[in-house]
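Trainee: Sharing a structure, written as structure tokens. Questions coming.
The values are calculated or read from the model by the stated rules, or taken from the named source; none is laboratory data. Keep in mind the model is a prediction, meaning the values are calculated, not measured. In this analysis, Cβ positions are derived from the backbone assuming ideal geometry, glycine residues included, and neighbour counts consider all displayed protein chains.
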């Protein structure tokens, strides 16, 4: 962050704002008119805001107005100010009035993300801040792409620009770019970095809106210098001829953030998420977990999804045409493992989760729900278990009766998660023919008339609610049927093979974290004149369970590769059911050993190991119990007769 020593203070202006866009900015048909298209140009939008900004009206937030709130050791508030100004420009570009009090929103951002008050903002934090402002853009949605300089010290795993070409500084409709440049002082010391909005660009110079003084343009001459290989690898910003020199300060561009306004139909065509690798997604999970630790949002899947939507996390494994990134299962197991390492509840914060069965539909309204989930707005629960039908899925009693224009659904569900958080639920019923095993699946808004949510208390996995449903004469349209009538069992098993695999990867991560805590405990805890780690009987479980969990994870990656090939056959089913059973049990044994190594502390809330045990016990039952999964391994490997001997109908 640019330090206060080289920023100029701007007095706090009145917070009264008025006027917005002309009435003709959008025509009556809802199509963007020629006037509206002009507003989509970032230069035009920023010009409009600059003309409105003045002593009596604040169209922008100036950095100096926020600097007093920032930790003096952390630099200035340029990142926070530039994102507030970005919001205003995006609103204009989207055909909306500018926000009446942007300072109030900037303060709300500090409350939502208190780490901003430290002043030093990473690339991930800036994208997360942009995601926060998403909720102030009405129905407009944005995508964020991050490209860094090859030598940037601020990048983690973002893409770098080609050294032969330099960064893309084109100014395009519906796209607004934030430039970050490193500030080096006369002595060669790096003072931090500064953020500006790109307003216009030519071959050799750019115009920017600087949050230090947003009401006036700032001009820079582009000065490309060679890197290790190519001539345009490094980009410096100089004052134009006739202007005072920068006083020995050096400005080098380190990152370009491209924020794109997306139409509903363009959501699947947006740039790949800024965090386009497993490593960077895991880094984002780590950082978000640290930020939310100790808050009410730590275990809240909806809060996580909303917060990380700009990075594309909710849609990682959803098709690109519906706003996702189309990640294969072999990459997703790595992410679920890392999420579970932090907390098993985080199995619900990445990927589409239970929206995936909706991909069986061709109904645009149903597929719109997939897009909502990818944007972080939607969340889908699934309800198949009933008071008298758990493992025996074909025995469910819920019914579907065909009526004109749709179906009437009647029944009850129990021991279902996510119902309080969900926007939609996938309901399974008997097919209309009533033939055992021929189930049907429907997607239903959670607030549908005739649908009642019931609540139970669970011992673990408390990030989601736990309870059941009752529905009487619940009317659904033909388009809410997923697949065909009677195909629900196949939809269920295909989805749950994938889901069980991902849950197992998360459980493996949960167990690995417990072992990490146990190893640290053995090093730190002193007893009988030395660290307790010298007792080899305490070391043995770490070696055993670490190896077991690694073996389980290797099998999980093998199963993921099978799914990516479209292999849902018996060998794959046996493999995944075995991983679900043994992966969870291994994680439980590892966590139990860690609890015992911590002694009385392990039985307290001073560490999270007790929560891990309860969560893993929940997963031992949920999505297929350990005992049934082991039976399924035998069934798929050695033949149906083994299942029939155990669970088949008695003659």
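Trainee: Might you let me know whether the stretch 480-493 holds any residue that is farther than 30 Å from residue 405 by Cβ and either surrounded by 21 or more Cβ atoms within 10 Å (Cβ to Cβ) or assigned by TED's automatic domain parsing to the domain that holds residue 615 (or both)?
Mentor: So the first thing to find is which residues in the stretch 480-493 are farther than 30 Å from residue 405 by Cβ, and the list is none.
Scanning the stretch 480-493, I find no residue that is farther than 30 Å from residue 405 by Cβ and either surrounded by 21 or more Cβ atoms within 10 Å (Cβ to Cβ) or assigned by TED's automatic domain parsing to the domain that holds residue 615 (or both), so the answer is no.
Trainee: For the list (1) in contact with a helix residue (DSSP H, G or I) (Cβ under 9 Å, 6 or more places away or on another chain); (2) at pLDDT 95 or above; (3) assigned to a loop (DSSP other than H, G, I, E, B), I need the number of the one condition that residue 436 fails.
Mentor: (2)
Trainee: Here is a further query. Quick one: residue 71 ticks every box in (1) surrounded by 24 or more Cβ atoms within 10 Å (Cβ to Cβ); (2) in contact with a helix residue (DSSP H, G or I) (Cβ under 6 Å, 6 or more places away or on another chain); (3) closer than 21 Å to residue 191 by Cβ except a single one, so which number is it?
Mentor: Here residue 71 meets the rest and fails (1).
Trainee: Here's something else I'd like to know. For the stretch 214-233, indicate whether the set of residues that are closer than 30 Å to residue 287 by Cα and either surrounded by fewer than 18 Cβ atoms within 10 Å (Cβ to Cβ) or at pLDDT 90 or above (or both) is non-empty.
Mentor: Among the residues of the stretch 214-233, not one is closer than 30 Å to residue 287 by Cα and either surrounded by fewer than 18 Cβ atoms within 10 Å (Cβ to Cβ) or at pLDDT 90 or above (or both), which makes the answer no.
Trainee: Follow-up question, since we're still on this one. If we only count helices (runs of 4 or more DSSP H) wholly inside the stretch 46-164, which ones have 3 or more residues that are in contact with a strand residue (DSSP E or B) (Cβ under 9 Å, 6 or more places away or on another chain)?
Mentor: Values: elements: 63-66, 78-93, 102-112, 123-133.
Once the helices (runs of 4 or more DSSP H) in the stretch 46-164 are filtered for at least 3 residues that are in contact with a strand residue (DSSP E or B) (Cβ under 9 Å, 6 or more places away or on another chain), what remains is 78-93, 123-133.
Trainee: For the subset of the stretch 201-210 comprising residues that are assigned to a strand (DSSP E or B) and within 32 Å of the chain's Cα centre (by Cα), which member is farthest from residue 250 (Cα to Cα)? Can you show your working first?
Mentor: Kept after step one, since they are assigned to a strand (DSSP E or B), are these residues of the stretch 201-210: 201, 205-209.
Now narrow it down to the ones that are within 32 Å of the chain's Cα centre (by Cα): 208-209.
Numbers: 208: 17, 209: 19 Å.
Top of the filtered list is 209.
Trainee: Quick one: residue 415 ticks every box in (1) under 30 Å from residue 512 (Cβ atoms); (2) within 22 Å of the chain's Cα centre (by Cα); (3) modelled with pLDDT of 95 or more bar one, so which box is it?
Mentor: Condition not satisfied by residue 415: (2).
Trainee: How many residues, within the stretch 344-382, are assigned to a loop (DSSP other than H, G, I, E, B) and within 15 Å of residue 308 (Cβ to Cβ)? Show your work before the answer.
Mentor: Restricting attention to the stretch 344-382, the residues satisfying the condition of being assigned to a loop (DSSP other than H, G, I, E, B) are 349-352, 361-363, 376-379.
Subsequent filtering for residues that are within 15 Å of residue 308 (Cβ to Cβ) retains 349-352, 376-379.
Here the count works out to 8.
Trainee: Could you tell me which of the residues 554, 597 is without any contact (Cβ under 8 Å) to a residue 24 or more places away in the chain and in the same structural domain as residue 640 (by TED's automatic domain parsing)?
Mentor: Numbers: 597 fails: without any contact (Cβ under 8 Å) to a residue 24 or more places away in the chain.
When all the criteria are applied, what remains is 554.
Trainee: Is it fair to say residue 421 is closer than 17 Å to residue 487 by Cα, at pLDDT 95 or above and in contact with a strand residue (DSSP E or B) (Cβ under 9 Å, 6 or more places away or on another chain)?
Mentor: Answer is no for this residue.
Trainee: If you go through the stretch 394-410 one residue at a time, do you hit one that is surrounded by fewer than 21 Cβ atoms within 10 Å (Cβ to Cβ) and within 34 Å of the chain's Cα centre (by Cα)? Outline the logic, then answer.
Mentor: Of the stretch 394-410, the ones surrounded by fewer than 21 Cβ atoms within 10 Å (Cβ to Cβ) are 394-395, 397, 399, 401-406, 408, 410.
The next check asks that each one be within 34 Å of the chain's Cα centre (by Cα); those that pass are none.
Looking through the stretch 394-410, none of the residues is surrounded by fewer than 21 Cβ atoms within 10 Å (Cβ to Cβ) and within 34 Å of the chain's Cα centre (by Cα).
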